[in-house]
Amino acid sequence: MTGKSKGSASYGASDITVLEGLEPVRVRPGMYIGSTGPAGLHHLIWEVVDNAVDEAMAGYCTRIDVTLLADGSCRVVDDGRGIPTDEHPQYPGKSAAEIVLTVLHAGGKFGGSGYKVSGGLHGVGVSVVNALSSKLTLEIDRDGNRHQLEFRDGGKPQGPLRVTGPAPSGRTGTTVTFVPDPTIFDEVEFRAQTVTERLQIMAFLNRGLEIRFTDQRAGRAAKEVFKYSGGIVDYVRHLNSSKESLFRKVGYYDQSEEGQEVEVAFQWNTGYYESIHSFANGIATIEGGMHEEGFRKAITNVLNRYARKRNLLKEKEENLKGEDIREGLTAIVSVRLASPQFEGQTKGKLGNVSIRSLVERATNEKLADWLEENPREGGQMVAKAIQASRSRMAAQHARDLTRRKSALDGAGLPGKLVDCSSRDPRECELFIVEGNSAGGSAKDARDPRTQAILPIRGKILNVEKARSDKILKNTEIQALIAAIGAGVEADFDVSKIRYDKIILLADADVDGSHIRTLLLTFFFRQMTELVNNGHVYVAQPPLFSTLVGKEKAYLRDDLAKARFLEEHPDHRNEFQRLKGLGEMDYDELRETTMDPTKRALLQITVEQAALADEVCSILMGDDVPQRRHFIQTNAKDVRFLDI
Ligand code: 0RA
């Protein structure tokens, strides 16, 4: 023991328990947080915030502050009760707080919180965050005192919980500051947009809870406050804000029974898409599940009964179909229950059968009441559904025509498609190219084995502003559907795509960006899975060229130009701004834009399905800076992805 202080010896002893306790998390992080990629990294934040939100749901916390600090750490402050600081009954000599942070699954409320998430990826406990952090500092304001405890190297306590002074007057709450362990995660940089998107949704789902976000990292100063006194009603308004709503009111109802509860908010817009977003215990259930099933079934039933009662639907007429009723519907279905079962491929589907009947009953009763109280809106809803049903029949006709037509074209491929020879979709790429001349150079520049070219002429139809019968009659859209080969809308089957990458290649000017936007909207709306599964890319032809000696150098964007100028300060005047793809000859186009070993592609992603709507509105809106910002922040540089 010589040379070691008494203190460090006793720390050594406690290290052993901690390592035993948290070791499994460090050995298999994926089992606890899904992955060690960006999703897993952000999971650390969600875990701490979820704990604070639990305090809010229990009625003790009104405000949560999330800060990304300049040193790469993340701090979450809440004004809840504070993690208990007294001795833990089962661990003599240790504080409950230390146990909560060092023992797996010890984070649950000792008193038993009704809706604590069990299983799934969430609710693994704040000890998991500790296990995966190189440093974590815990501060607790409770019983008039401020307490502090520091952990290092994956959860080793650096001493016992100590009182460091008085708590600010009257304050209770918990502060967790952690540094994600760089030896565990592929990357330890948090992405502000990912964090704010989720915090905003949390604030919508927890009416009245104030969630603040601050980014203090160098060069990124940002602050946002999310607080919604209307909760999910405000969420629906937000989702519909860039659309034309069918009526001003947002409908709302809730119901609870035996430890489970449902809340629904809804409004129709004049558009043609359905956007029902469901949540269980604050977690997005992207694949739907029992709560959505109950809602869909009941809404069809209620609207049909109502339409007949008001004689808006005659005795002889057929019932309205669910899909017609849901046209233009924006709804949030949020349920809370004791033991949610998350199923499905991405664990995004709620399996609890009992919640289906609760949602169904609530909707049957309370939506019917709402319609009685709001006859004008009720009439508008039914009228829209009747319109939708007529157009559905017309669309069916158009689809049949499209099918028959493609059957006549032999292989069913559009005439202007210059296909590749490989028949293995995994290695095939489709370039959608604006204009015939650019299409010509792309044809010469491609690798004919794996790269196909589809030239598109002129502006393509804005699918946001047209019903499906019109969309399907559009020849450019027919060509896209046929070339990709996996159907469209509800019939779209991503497993049938003929190309792994669908790459939009258009000029860097305003027209090019408009065409890109229209195409992206089409993919978002009509081939959603194509985008969700990461098959859509934007090619990046260079913006500038310059001569270095006799060699021509291409520079992708302003940043690349600035970097180049740092290295070649004397080059300030030789620069040329490239106006279009047509200016490059085919080997230049191959070198800069198409050759997989040299090009830079942007992959289009949608982080949260619930945001896709907003994304479309942004893409289609008139706010150009907002749109540019979206495309920049949602596009990843493929060269840095291991795909
Ligand atoms: C265990 C028991 C209680 C609260 C908490 C943990 C708690 C954990 C976290 C994590 C972040 N913020 C938190 N706030 C509270 C119940 C406390 C009581 O009964 O007084």
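The values are calculated or read from the model by the stated rules, or taken from the named source; none is laboratory data. From a predicted model like this one, the values you see are computed outputs, not experimental measurements. Glycine gets a Cβ as well: all are built from the backbone with ideal geometry, and neighbour counts include every protein chain shown. Calculation scope for accessible area: heavy atoms of the full protein, side chains included, ligands and nucleic acids excluded. Shrake-Rupley method; radii C 1.70, N 1.55, O 1.52, S 1.80 Å.
Below are the figures for this structure:
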{"item": "Tensor-based shape of the range 362-493 (alpha-carbon gyration tensor, a/c under 1.5 rounded, otherwise prolate or oblate)", "result": "prolate"}
{"item": "Hz values of 3J(HN,Hα) by residue in the range 535-545 - Karplus curve (6.51, -1.76, 1.60), Gly and Pro given as x", "result": "8, 9, 9, 10, 6, 10, x, x, 8, 10, 9"}
{"item": "The range 421-468: trypsin sites (Lys or Arg not before Pro) in DSSP coil with no more than 16 other Cβ atoms inside 10 Å", "result": "Arg423, Arg449, Arg457, Lys459"}
{"item": "For the range 319-357 and the range 554-601, distance of Cα centres in Å", "result": "49 Å"}
{"item": "Amide H within-cut-off set for Gly231, under 5 Å, with H built and near neighbours excluded", "result": "Gly208"}
{"item": "For the chain, accessible area per residue (1.4 Å probe, heavy atoms of protein chains only), Å²", "result": "46 Å²"}
{"item": "Mean separation of Cα contacts under 8 Å (6+ apart) over length of the chain, as relative contact order %", "result": "9 percent"}
{"item": "Estimated vicinal HN-Hα couplings, Hz - the range 269-283 in sequence order (Karplus 6.51, -1.76, 1.60; Gly, Pro = x)", "result": "10, 7, x, 10, 10, 9, 9, 9, 10, 10, 9, 10, 6, x, 9"}
{"item": "Rounded Å value of the spacing that divides the Cα centres of the range 145-171 and the range 517-532", "result": "50 Å"}
{"item": "Accessible area, probe 1.4 Å, largest first, for residues Asp78, Asp71", "result": "Asp71, Asp78"}
{"item": "Per-residue SASA entry for Cys420, accessible area with 1.4 Å probe, Å² rounded to 10", "result": "10 Å²"}
{"item": "Rounded to the nearest 10 Å², the accessible area of Ser256 at probe 1.4 Å", "result": "80 Å²"}
{"item": "Along each principal axis, Cα extent of the chain, largest first, Å", "result": "82, 82, 40"}
{"item": "Hz values of 3J(HN,Hα) by residue in the range 219-227 - Karplus curve (6.51, -1.76, 1.60), Gly and Pro given as x", "result": "x, 10, 2, 8, 9, 9, 10, 10, 7"}
{"item": "In the range 234-310, trypsin sites (Lys or Arg not before Pro) in a DSSP loop with at most 10 other beta-carbon atoms within 10 Å", "result": "Arg248"}
{"item": "Rounded Å value of the spacing that divides the Cα centres of the range 425-480 and the range 367-384", "result": "43 Å"}
{"item": "Anisotropy class of the range 419-517 from Cα gyration tensor, a/c 1.5 cut", "result": "oblate"}
{"item": "Base-10 log of normalised Debye intensity for the range 305-372 (one unit scatterer per alpha-carbon) at q = 0.11, 0.12, 0.18, 0.20 Å⁻¹", "result": "-0.42, -0.49, -0.91, -1.03"}
{"item": "Length released on extending from Asp447 to Glu20, taking residue separation times 0.36 nm less the Cα-Cα span", "result": "148.2 nm"}
{"item": "Cα gyration tensor category, rounded, prolate or oblate, for the range 144-242 with a/c compared to 1.5", "result": "oblate"}
{"item": "Residues with amide H under 5 Å from that of Phe431, placed H, sequence gap 5 or more", "result": "Ala452, Ile453, Leu454, Ile503"}
{"item": "Area of Asp424 that stays accessible when all protein chains are in place (1.4 Å probe, Å², to 10)", "result": "50 Å²"}
{"item": "Low-density loop cleavage sites - GluC sites (Glu not before Pro) in the range 220-274, where at most 14 other Cβ are within 10 Å (DSSP)", "result": "Glu244, Glu258"}
{"item": "Hull shadow area, averaged, the range 179-310 [alpha-carbon convex hull, nm²]", "result": "12.2 nm²"}
{"item": "Probe 1.4 Å, all protein chains present, accessible-area order of Val418, Val353, largest first", "result": "Val353, Val418"}
